[in-house]
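The values are calculated or read from the model by the stated rules, or taken from the named source; none is laboratory data. Computed from a predicted structure; not experimentally measured. Here Cβ is always computed from backbone atoms with ideal geometry, including for glycine, and neighbour counts include all displayed protein chains.
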Amino acid sequence: MSFPYQRVVVVGATGSGKSTLAEQLAGRFGFEFIELDALYWLPGWEPASEQEFRHRVAQAISAPRWVMAGNYHVTRDLSWRRAEAVIWLDYRLWTIFWQLWRRTWRRWWRHELLWGTNYEPLFQHFKIWSAQDSLFTWLFKTYWRRKREYPLLFAQPEYAHLQVIRLHSPAETSTWLDSLSDPVSAEVLPKY
């Protein structure tokens with residue numbers, strides 16, 4: 001199967017593997033890899049202002065070919081308007097929970113540098129009373145909302161141009177990724 005898209009957004013719940021898939025696609029096809037978390041988080045886990053964040057995203061998506069990982073609603077109007085496809089990692093809650101647990105533990109154990117000077121704060125994620133501090137609480141808070149929200153967003157007229165690729169499990173995603181061949185040149189892409 002060919003991959004005719006030049007600008008793609010990967011969405012899904014926290015811990016679903018958005019960045020992993022986006023980075024794989026970008027590497028495979030020579031696209032720019034855009035990670036919204038890297039554009040949002042400043043050193044010391046300080047968030048960028050909305051204006052600065054939108055500016056950073058606008059600069060990133062000015063590239064001709066890119067794959068973006070992330071769900072930030074404050075930049076959706078920028079990225080989705082320019083994108084050709086959205087890949088939705090619509091996995092089961094417990095699949096994502098265990099992926100998130102493994103990722104959090106791995107980042108903490110290996111002391112992986114994330115964005116700026118930021119490292120994974122393992123024990124902070126056990127503050128289950130705080131969606132601001134705990135990615136696990138954030139996952140449970142947003143999982144069902146995203147399942148309801150995405151189909152409604154895809155149906156909006158301003159996003160009618162998007163091809164939606166909905167993947168239901170890591171195995172399905174792996175099979176789909178393995179099935180892709182070289183991208184079609186930009187000259188033969190349909191015009192929207």
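Structural remarks
- For the stretch 23-45, a residue qualifies if it is among the hydrophobic types (A, V, I, L, M, F, W, C) and touching a residue at least 60 places away in the same chain (Cβ under 8 Å), and the qualifying residues are Leu25, Phe29, Ala38, Trp41, Leu42, Trp45.
- Against the criterion of being farther than 19 Å from Thr137 by Cβ, in contact (Cβ under 8 Å) with a residue 60 or more places away in the chain and of a type in the set (Gly, Ala, Ser), Ala85 qualifies.
- Filter pass, Tyr91 being of a type outside the set (A, V, I, L, M), touching a residue at least 40 places away in the same chain (Cβ under 8 Å) and either touching a helix residue (DSSP H, G or I) at 6+ places or on another chain (Cβ under 7 Å) or surrounded by 20 or more Cβ atoms within 10 Å (Cβ to Cβ) (or both): yes
- As a summary of the residue check, Asn118 satisfies the conditions (1) touching a Pro at 6+ places or on another chain (Cβ under 8 Å); (2) at pLDDT 70 or above except for the one numbered (2).
- Taking (1) out of contact with any Leu (no Cβ under 9 Å at 6 or more places or on another chain); (2) closer than 17 Å to Ala22 by Cβ in turn, Pro43 satisfies each apart from (2).
Conditions tested, residue by residue: (1) of a type in the set (A, V, I, L, M); (2) at pLDDT below 70.
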| site | (1), (2) |
| --- | --- |
| Asp90 | no, no |
| Leu93 | yes, no |
| Trp98 | no, no |
| Glu112 | no, yes |
| Thr137 | no, no |
| Trp144 | no, no |
| Tyr159 | no, no |
| Leu162 | yes, no |
| Arg166 | no, no |
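- Of all residues in the stretch 21-34 being surrounded by fewer than 20 Cβ atoms within 10 Å (Cβ to Cβ) and touching a helix residue (DSSP H, G or I) at 6+ places or on another chain (Cβ under 9 Å), the one that is nearest to Trp66 (Cα to Cα): Glu32
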